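Okay, so here's the structure we're looking at.
No value in this document is a laboratory result; all are computed from the given coordinates. In this text the structure is predicted, and so the values were computed from the model without any measurement. Here Cβ is always computed from backbone atoms with ideal geometry, including for glycine, and neighbour counts include all displayed protein chains.
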Amino acid sequence: MTNTIIQFNNVTKQYDNDPVVLDNVSFEIERGKFYTLLGPSGCGKTTILRLIAGFTEASSGEIYFDNKKINNIPANKRQVNTVFQDYALFPHLNVFENVAFGLRIKKMKNTEVEAKVKEALSFVNLLGYEQREIKEMSGGQRQRVAIARAIVNEPEVILLDEPLSALDLKLRYQMQGELRDLQRRLGITFIFVTHDQEEALAMSDEIFVLNKGKIQQSGTPIDIYDEPINRFVADFIGESNIVKGTMIEDFLVEFGGKRFECVDQGMNPNEPIEIVIRPEDLEITSFDSGMLKIEVTSQLFRGVHYEITGVDHDGNEWLVHSTKKAEVGDKIGLHFSPEAIHVMRFNETEEDFDRRLESYAEGEADGK
Ligand SMILES: Nc1ncnc2c1ncn2[C@@H]1O[C@H](COP(=O)(O)OP(=O)(O)O)[C@@H](O)[C@H]1O
Ligand SMILES: [Mg+2]
């Protein structure tokens, strides 16, 4: 039996004659995991949630839920509940009635409503707040009411559209932990939307990175952080050094005027590429023993590390996170391992990338 709960098959969404909002998007969501749709404003995240919830229709392509096509199933018949960005709570109802709302519509018996609402409120640590007015609740508490209102219906999937974006930073961190923990305890599939890469990395089992209506890359937080497949993902996921270079041959790359051993293969000889090295993967050494040699142009103390930038003799700028200090004007060396170099092909898509990885595996099998 398959574990897939939601599947998009070449889904395209276009409003009137506007440019397409989602461009031939395909993905699978497995039951019981925490998924995040991550991307800049306007890339199509909310549109994906609206398609899953049934608030809008696909222009083409198929959407499956539990292996059944649901393109024409109305929103109220789908096993999905949404937590909206502004929570959309009813201001004239108290906490209890806000959470009970869906159950009242289903004409559930009072005793049963009582039991279920209390259970949902206890999941979000709000027992005892039943009679409070919504306006008497803080931002974080409203957030929890909105979540209780979703889980009380026992949906198979909960959709969360940037639910933490209105909270201040400290509360936001706290709610990230709470949501993550809640998803684990409930075992319900969560599809969470954010434009904040740190939030996505901290919370998710799987991340879909979106840009301009296309999934750029999908994978675990570690996959995406360690192996961004293109410049957009590398740039969006965190502070990175992205430098142009040449793939001389398998396992040998040239940038900054020098050749380095690397772990990538399967490109054309002398193919122009871009490389990524994370600032924390660069180690400061003496100028003479440096694999790269830079002159320091700025230095900032960030509490846990120094943030140092410098320029190599090719004019590339390098960002270094180090516990060692360096002063502006210093000439320093940088050391890094072959694994720290991530090679990206220009315009490589996720499918191309997967195919390339598979061909490595076949190569290894052949070699035995
Ligand atoms: N009802 C609509 N009519 C026309 N265009 C829309 C509508 N809803 C969203 N869009 C457009 O679709 C694109 C993606 O929107 P959305 O999915 O809300 O992005 P995100 O949630 O990633 O910020 C945007 O360019 C937006 O203007
Ligand atoms: Mg949105």
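Remark: the chain carries a charge dipole of roughly 2120 debye about the Cα centre, counting +1 on each Lys and Arg Cβ and -1 on each Asp and Glu Cβ.
When the helices of the chain are scored as -39500 (n - 2.57) per DSSP H run of n ≥ 4 and the total is divided over every residue, the value at 222 nm lands at -8500 deg cm²/dmol.
Under the criterion of Cα pairs below 8 Å and six or more residues apart, the relative contact order for segment 239-365 equals 27 percent. Karplus-based coupling profile of segment 340-348, in residue order and whole Hz: 6, 8, 10, 8, 10, 7, 5, 6, 6, with θ = phi - 60° in 6.51 cos²θ - 1.76 cosθ + 1.60 and x standing for Gly or Pro. Taking all Cα pairs closer than 8 Å and separated by 6 or more residues, the relative contact order of segment 4-226 comes to 29 percent. Ordered by the number of other Cβ atoms lying within 10 Å of each residue's own Cβ, fewest first, Lys45, Lys214 fall into the sequence Lys214, Lys45. Karplus-based coupling profile of segment 35-46, in residue order and whole Hz: 9, 10, 9, 10, x, x, 4, x, 7, x, 5, 4, with θ = phi - 60° in 6.51 cos²θ - 1.76 cosθ + 1.60 and x standing for Gly or Pro.
For a straight C-alpha distance cut-off of 30 angstrom, the lysines reachable from Lys244 (same-chain residues fewer than eight places away being disregarded) are Lys212, Lys214, Lys258, Lys293, Lys324, Lys325, Lys331.
Could you put Lys106, Lys212 in order, starting from the residue whose Cβ has the fewest other Cβ atoms within 10 Å?
On the way: Lys106 9, Lys212 16.
Ascending Cβ contact count within 10 Å gives the list Lys106, Lys212.
For segment 76-162, applying the loop criterion from DSSP together with a ceiling of 16 other beta carbons within 10 Å to the chymotrypsin sites (Phe, Trp or Tyr not before Pro) yields Phe84. Here the contact order of segment 168-232, divided by its residue count and restricted to Cα pairs under 8 Å and six or more residues apart, works out to 20 percent.
Go ahead and run the numbers for FRET between Glu280 and Lys331, Cβ-Cβ distance against an R0 of 30 Å, rounding to 0.05. Write out the running numbers ahead of the final one.
Working: r = 22 Å, r/R0 = 0.72.
Efficiency computed from Cβ-Cβ geometry: 0.90.
Looking at the chain, which longest stretch skips every one of the GluC sites (Glu not before Pro) that is in a DSSP loop with at most 13 other Cβ atoms within 10 Å, leaving the sites themselves out? If you can, show how the numbers build up before the last one.
Details: sites that count: Glu57, Glu239, Glu327.
Answer - 58-238.
Sticking with the crude label model, points 7 Å out along Cα→Cβ, report the distance from Ser138 to Ala75 in nm, one decimal please. Once both label points are built, they end up 3.2 nm from each other.
Output the antiparallel fraction of DSSP beta bridges having both residues in segment 4-226, as a percent to the nearest 5.
Details: 19 of 37 bridges.
So the antiparallel bridges amount to about 50 percent of the total.
Identify the chymotrypsin sites (Phe, Trp or Tyr not before Pro) of segment 1-51 meeting these criteria: DSSP loop state and at most 13 other C-beta atoms within 10 Å of the C-beta. Numbers along the way, then the final one.
Details: sites: Phe8, Tyr15, Phe27, Phe34, Tyr35; in loops: Tyr15.
Listed in order of number, the matching sites are Tyr15.
Remark: spin-label model distance Arg259-Glu112 equals 7.4 nm, labels positioned 7 Å along the Cα→Cβ axis. Within segment 69-97, find all residues whose amide N lies under 17 Å from a label point positioned 7 Å from the Cα of Asp181 along Cα-to-beta-carbon. No residue qualifies, since no backbone N sits under 17 Å from the label point. Rounded to the nearest whole Hz, the Karplus-based 3J(HN,Hα) values (6.51 cos²θ - 1.76 cosθ + 1.60, θ = phi - 60°) of segment 201-206 follow the sequence 5, 6, 9, 8, 7, 9, with x at glycine and proline.
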